[in-house]
């Protein structure tokens, strides 16, 4: 896509210009409107959006921190290529921390957490049916956060950061495997039921396998002949059974 074809964002508060630009470009990258390898130049984007370079530069900084672009010293950037090894390590770290967070939170959710999680499930279904994937992504983040609501910062903030970095691959997974929504709905319900229960081992295993399913599917497309160990190592930490179904840790 040429820079001139990128639709400008809507600015309602000029004090938030950098954040609006960041979110706008981020959404275009995550939705593959700006595919890997797309060149982005500060000056051209500033002209296209009708703003100065300063908010573009700040947006580039945030996008680079999220691993979505590679910026250079010439005020240009490139949408980062999909990285199988990076995906494996990102999901390995997310599985380890989020499974621990869900384990800590099991049996401890209060009424507000419960209501937030159930509302997020309902919003995800509605957004999927209406095709509003941006709102679906927010509801999805809210659901996962509610299920580990008893984890304090900075750990909770780190997990949220991993989740946001994962969104590009989640969207890729949904495009490649559209039938995955049905499986995800069922798994989300199982996870919430377990977190509202009393067995943290079950909760942790469910969330670990839920996250690993996305990573494995995307890795199978990005690098079908390679082996990436981080996801499998992380899942093993919380497994109640091995791949053959044999119990390795009593419930």
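The values are calculated or read from the model by the stated rules, or taken from the named source; none is laboratory data. What you see is a predicted model; the values in this text were computed from it and never measured. For neighbour counting, all protein chains shown are included, and Cβ atoms are generated from backbone atoms with ideal geometry for every residue, glycine included.
Quick notes on this structure:
Let's see how each residue does on (1) modelled with pLDDT of 95 or more; (2) outside the structural domain of residue 133 (by TED's automatic domain parsing); (3) within 25 Å of the chain's Cα centre (by Cα):
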site	(1), (2), (3)
8	no, yes, yes
11	no, yes, no
28	no, yes, yes
32	no, yes, yes
54	no, yes, no
65	no, yes, yes
96	yes, no, yes
101	yes, no, yes
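- Residues located in segment 131-155, provided they are under 17 Å from residue 182 (Cβ atoms) and in a helix (DSSP H, G or I): 133, 136, 139, 140, 143
- Contact annotation: residue pairs with Cβ atoms under 6 Å, 6 or more positions apart or on different chains, pairing a residue in segment 123-150 that is under 17 Å from residue 167 (Cβ atoms) with a partner that is surrounded by fewer than 16 Cβ atoms within 10 Å (Cβ to Cβ), are 127/135; 128/181.
- Test: residue in segment 114-135 that is modelled with pLDDT of 95 or more and more than 20 Å from the chain's Cα centre (by Cα): yes
- Residue in segment 26-79 that is farthest from residue 165 (Cα to Cα), counting only those that are part of a loop (DSSP other than H, G, I, E, B) and free of Cβ contacts under 8 Å to residues at least 12 places away in the same chain: 52
- Residue satisfying all of: in segment 1-18; without any contact (Cβ under 8 Å) to a residue 12 or more places away in the chain and in a helix (DSSP H, G or I); nearest to residue 176 (Cα to Cα) among these: 5
- Entry remark, segment 99-113: residues being assigned to a helix (DSSP H, G or I) and more than 22 Å from residue 237 (Cα to Cα) number 3 in total.
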